[in-house]
Amino acid sequence: MKKWKLLPVLAAKGVVQNGNVYYPYLVSAIFSVFVYFAFTSILHNDLIQTLPRSAYAWIMLMIGRVLLGIILLPFLYYANSFLIKRRKKELGLYSLLGLEKKHIGMMLFIEMLIGYGISAGGGILFGIVFSKLLFLLLLRLSSLPVDVEFVFTWKAVKETLVFFAAVFFLNYICNLIPLHRVRPAELLSGSRKGEKEPRFLKLWTVAGLLTLGAGYTVAVKAELDGMIFCNFFLAVFLVITGTYFLFTSGSVAFLRMMRTKPHIYYQPSNFITISGMYYRMKKSAAGLSNICIFSTMVIITLTCTITLYAGIDDITHYNYPYDIQTSYDGSGISSAQVEEKAVKLAEKCDQTILRLDSFEEIVFPCGKEGIKFQEEFSSERSRDNYKVHFITLEDYNRLSGQREELSDGQVIIYSTGADYNYKEMDFMGITAEVKKEAGELFPYPKEKRNKFNSEFIIIVKNAEARRDYIKVWSERTLDSSEDLEKTIRQRTGIVLEGKDEGKKEFAAEFAGWCSQQTGFFMNVTDGMEGRAILYSMNGGLLFIGILFGLIFFMCLLLVMYYKQISEGYEDQGSFEIMKKVGMGDEEIQDTIRKQILMVFVLPLAGSLVHAAVGTVMVSRLMAAIMMFDIRLLTFCEAGVALAFIVVYGVSYLTTSKSYYHIIKG
């Protein structure tokens, strides 16, 4: 009975006496609870569901919370596994002193409750204090109204407590498994147990090189198509796997090769460094690979976040070049009447009209192969399907400000994606000479890298020439040409300059007037509202990117710190022996510096290479949301990488103090 009463005391002492490894674990767990609670609180706040356009930010947060749970589970498991490894000697001693495995299991259960209580209580307390700040940050990034109150919800507390109860209980079960499998004597030496040399070094090293090369190949060759996100996750998986193989097996193979170089290996400091790293590189390399992977995640996450923030205006205006536009049947109302109404409304709402464009167009879905435009291809070749717009030369000159002329059988072609690059065109059997290829044409923004949803605008001499193309299309699609003639639409687009309130008033009144023209207007597109929706969606992504960057950096710091602690304890005895056999403090310090430099440079160099190659795929992922500015992306990544090198160096030198402290006893 006395043993059971002693267990809570032992559990509390276990936490305090192992503070150098327990406290960082608790800090990380508190931070994890805080972030998860903040996400959940915002999701369950009624205001986020009532604010205009907030549904898009809410969807981003839902996705973010799922990803957050996926990240936090292995992160806390890793921290817990290191923690229990450092406790094995202590647990073995308790066993030899008379505690049975069931007593030790109960003591660990009490420790789990203490850790869970501190983590959950501290994280939720910080969440209550700072969730409103994060909520306001989300509203600000998403361009949503910020003059609202954040309401505390018990539902968020409940879900957070349940999730982390499951995480802590899972870690507890994982702690019990080795406890019941080994003998007390094995526990006593568990924290100092050497790692076996990896088997099949050459095989795994080659596998690592091939896997990493395959990941890089997927990243570099991935195209902006329907498979871009699948290719992204495939590249991430291959790079992570290749990194792990190269750090665990490749590093040992490299050290083995160094041992075959007498002029290098049999130098006093090199001998100690290479020998020490060789026999424990498997575990060290696993930590190094984790540091490399988390470093890469920090660099890429922050690069995407900053690039998205800096280029969000370009994204919104690419999708909505006009502030407001309308499409209508010109048989019932003329473009002159629409323009006249727009001018009057602009005067009323104190707005200046920067552009007022009216033009006719008809759009056909087509497949394209070389110079030939034909019926759409199947879904297997959907990438070769395009929207083809036909407009007259008169409208083209009005939109572009040019004074082009066309002869019979000539066209001008403009592509919103890659250039057409042919001197002839064949549209359903009608051949035409391509007089020139236009470079820019508002309101059709051009981006040569956009291969996913690019369009073609074909400028023909006049309405009669356009009618020939309509006729041949009708013969292919079994529609009458008269029906297709009716699908020619007038478009009027407006770009305004003035106060936002006046723009909103203009858009509301213009849309109301259009709706009264029954039978004439097909639709009205509010570009300002569309941009606001994109701001909301991308603002949610920005919010998630900022928090995830912090989470990855916290993971990096914890792995780095635990690695220093682990290596310090493992090296302490070895350096004591070196002192006893006559190795001086200067030589020991030189050996330590070499090991620190090796451990510092390898994961940093690997992460920079990963990030540099990953930029190619990241640029295509950004292009999927219409962010095409590669120069901005490159500039942001260079800045993030430089800042990360500085912060990484400071962090590593700070955590290495624990290593030196342990080495010096």
Any pair with Cβ under 7 angstrom, 6 or more apart, that starts in segment 313-326 at a residue that is within 14 Å of Arg355 (Cβ to Cβ) and open to solvent by 10 Å² or more (accessible area, probe 1.4 Å) and ends at one that is part of a strand (DSSP E or B) and of a type outside the set (Phe, Trp, Tyr): Gln325/Arg491; Gln325/Thr492; Gln325/Gly493; Gln325/Ile494; Gln325/Thr525
Taking segment 410-438, which residues are part of a loop (DSSP other than H, G, I, E, B), in contact (Cβ under 8 Å) with a residue 40 or more places away in the chain and aromatic (Phe, Trp, Tyr)? Tyr422
Residue satisfying condition, being open to solvent by less than 30 Å² (accessible area, probe 1.4 Å), assigned to a helix (DSSP H, G or I) and on the phi < 0 side of the Ramachandran plot, within set Leu534, Leu550, Leu496, Leu542: Leu542
For segment 642-665, what are the residues that are within 28 Å of the chain's Cα centre (by Cα) and either within 15 Å of Phe600 (Cβ to Cβ) or open to solvent by less than 20 Å² (accessible area, probe 1.4 Å) (or both)? Phe644, Ile645, Val646, Val647, Tyr648, Gly649, Val650, Ser651, Tyr652, Thr655
From Lys368, Lys341, grab the single residue that is basic (Lys, Arg), out of contact with any Pro (no Cβ under 6 Å at 6 or more places or on another chain) and either part of a strand (DSSP E or B) or surrounded by fewer than 16 Cβ atoms within 10 Å (Cβ to Cβ) (or both). Lys368
Candidate set: segment 545-565, residues that are among the β-branched types (Val, Ile, Thr) and at pLDDT 75 or above; chosen: the one nearest to Tyr648 (Cα to Cα): Val559
What is the residue count in segment 450-466 for residues that are charged (D, E, K, R) and loosely packed, with under 15 Cβ neighbours inside 10 Å? 1
Checking the condition within 30 Å of Asp526 (Cβ to Cβ) and either more than 44 Å from the chain's Cα centre (by Cα) or modelled with pLDDT under 90 (or both), which residue from Glu475, Glu440 passes? Glu440
Yes or no: Ile333 among the β-branched types (Val, Ile, Thr), modelled with pLDDT under 85, surrounded by 13 or more Cβ atoms within 10 Å (Cβ to Cβ) and over 23 Å from Gln517 (Cβ atoms)? no
Please go through segment 22-50 and pick out each residue that is aliphatic (A, V, I, L, M), at pLDDT below 75 and open to solvent by less than 30 Å² (accessible area, probe 1.4 Å). Ile42, Ile48
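The values are calculated or read from the model by the stated rules, or taken from the named source; none is laboratory data. Remember, it's a predicted structure, so these values are computed and weren't measured experimentally. With ideal geometry, Cβ positions are generated from the backbone for all residues, glycine too; neighbour counts draw on all protein chains shown. Note: areas computed on protein heavy atoms with side chains; ligands, DNA, RNA excluded. Shrake-Rupley method; radii C 1.70, N 1.55, O 1.52, S 1.80 Å.
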